Amino acid sequence: MTERAALARLLLDMLAKTRTVDRAALAALSDGAWETIADMAKQHRLAPLLHRQMADRGADWPVPADLRARWTRGWRAASERSLSVQQALIAVGGIADRAGLPWAALKGAWLAWQAYPHPAMRPMRDIDLLLSEEDALRLFALMQDAGAAAGPVSHTPVDYARAHHKHLPPLHWGPRHIAFEIHWRLSNPAPGEDRAAVAATTAGLLARRMRARMGPAEIAYLDPTDTLLHLVVHAAYGRQPFDNGPQLLPDIAGAVRAATIDWPRFWRVADAQGWAGGARLIFALTAKYMGPLAGAGVEVARVPGALIAKAEALMLQDMDARAERGFATYMAEADGAGGRAALLLRRAFPPRHIVAHYAGVPVGDWRVWPAYPLRMADNAWQWLRRRGDAGLDAEVDDMRAMRAWLGTGKS
């Protein structure tokens, strides 16, 4: 086990409801180890949750005073931001309702206000909305008419997003620049897929949506069972499993506690889509740290202990090394020299808007062209700099094993 993985276990215990925190181990940590814990907490937006945990059960934890103060400031900032997020979601939801567009807020917007004691405990980078593809484009235009902006430099073209992504380019709303991602599907496109079937899936999700109060207004959300399935897929079946961090654990526990889950439908869909393994793993992790999930009907013993350990490490993976970790994983999984060469070419010559984003200039700007070799050199330096990094190598090994077990990669 690497030093980072050992510190990740301590941090997970601090976030848990049912685990005993090893106070002696905390007291023995060096200043450098505490900075690593602080960095993990910052990368995964855990300050508000840690502040509440220390207030509820960790008053005597030997946490450095400056770090306690940092996490308290994080709580206050998250509390203020939650009000701005609430105002933005009510405003944009009102635009959709007045235009007669069926919509539903995804994941965090439901969890923060319905599954946590206080919305600040569930910080949100952005607000995700789901509509049909046609309605997503309509709401995108309506938000722009109402003053929403793509940011100082808009990069991903709408047509490219429709072909390759699950949502349109983000729009920023209001004086706090709250980001919205307007989805018409819950996963990125796959080669050869039936797009009519994808549209039908979205229509089914919207047909089952529900409404619940958020402050002074009612907000449309996915059905709780669909939300739980979405949480599982988002965490385990993305390009880099568990990179959404340990907030997943209170998310899952809160979702199950806050609503009635149709468990027969949950497992029927999970089995049919090939998500049951990921669901069992996530539920076993949640049970370990947050207590058993009532009604889930999953046997923790069916999930290998070694796999749970890999998931624990991946939940607190170094997000600063995300690009290099993903590239190393896909290079290891590539089919022979031809597959590796194709991957190298895609990394060296991505679509123009990606290089424009790297350079911080508009897509049509002439400065995109000289940015190509600069980006290649930067990628090469980052790759060489991290070669031989034991921590990164361990994360790549864990990710490959996880993807192979989940059926999303190759052993």
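The values are calculated or read from the model by the stated rules, or taken from the named source; none is laboratory data. Model, not experiment: these values are computed from the prediction. Cβ coordinates were reconstructed from backbone atoms using ideal geometry, including for glycine residues, and neighbour counts include every protein chain displayed. Quick note on the areas: whole protein, heavy atoms, side chains included, nothing else; ligands and nucleic acids left out. Shrake-Rupley method; radii C 1.70, N 1.55, O 1.52, S 1.80 Å.
All conditions but one from (1) open to solvent by 50 Å² or more (accessible area, probe 1.4 Å); (2) touching a residue at least 40 places away in the same chain (Cβ under 8 Å); (3) in contact with a strand residue (DSSP E or B) (Cβ under 8 Å, 6 or more places away or on another chain); (4) of a type outside the set (A, V, I, L, M) apply to His183; the one that does not is (1).
Take the residues of the stretch 146-156 that are at pLDDT 95 or above and touching a helix residue (DSSP H, G or I) at 6+ places or on another chain (Cβ under 9 Å): which is surrounded by the most Cβ atoms within 10 Å (Cβ to Cβ)?
Ala148
With respect to the conditions (1) farther than 20 Å from Asp135 by Cα; (2) exposed (fewer than 15 other Cβ atoms within 10 Å of the Cβ); (3) touching a strand residue (DSSP E or B) at 6+ places or on another chain (Cβ under 8 Å), Ala212 lacks only one, and its number is (2). What do you reckon, is Leu83 assigned to a helix (DSSP H, G or I), among the aliphatic types (A, V, I, L, M) and open to solvent by 30 Å² or more (accessible area, probe 1.4 Å)? So Leu83 passes the test. Per the listing Arg185, Arg208, Arg195, the residue uniquely of a type in the set (Lys, Arg) and within 23 Å of the chain's Cα centre (by Cα) is Arg185. Highlighted here would be helices (runs of 4 or more DSSP H) found entirely within the stretch 303-411 that include at least 3 residues which are in contact with a strand residue (DSSP E or B) (Cβ under 9 Å, 6 or more places away or on another chain) and either over 30 Å from Leu12 (Cβ atoms) or at pLDDT 90 or above (or both), but there are none.
Selection of the stretch 1-38 for residues being among the hydrophobic types (A, V, I, L, M, F, W, C), over 21 Å from the mean Cα position of the chain (by Cα) and either loosely packed, with under 15 Cβ neighbours inside 10 Å or not in a helix (DSSP H, G or I) (or both) yields Met1, Ala6, Val21, Ala24, Ala27, Ala28, Leu29. Tell me, which residue of the stretch 350-378 that is closer than 20 Å to His165 by Cβ and touching a residue at least 40 places away in the same chain (Cβ under 8 Å) is surrounded by the most Cβ atoms within 10 Å (Cβ to Cβ)? Taking the candidates together, the pick is Ala356.
Ala199 - would you say it is open to solvent by 10 Å² or more (accessible area, probe 1.4 Å), closer than 16 Å to Pro119 by Cβ and out of contact with any strand residue (DSSP E or B) (no Cβ under 6 Å at 6 or more places or on another chain)? I'd like the intermediate steps shown before the answer.
On the way: open to solvent by 10 Å² or more (accessible area, probe 1.4 Å): yes; closer than 16 Å to Pro119 by Cβ: no; out of contact with any strand residue (DSSP E or B) (no Cβ under 6 Å at 6 or more places or on another chain): yes.
No; evaluated as a whole, the condition is false for this residue.
Taking the stretch 232-271 as the range and being of a type outside the set (D, E, K, R), under 16 Å from Ala115 (Cα atoms), in a helix (DSSP H, G or I) and open to solvent by 10 Å² or more (accessible area, probe 1.4 Å) as the test, the residues that pass are Pro250, Ala253, Val256, Ala258.
For the stretch 108-145, the set of residues classified as touching a residue at least 60 places away in the same chain (Cβ under 8 Å), closer than 19 Å to Ser187 by Cβ, among the charged types (D, E, K, R) and not in a helix (DSSP H, G or I) consists of Arg125 only.
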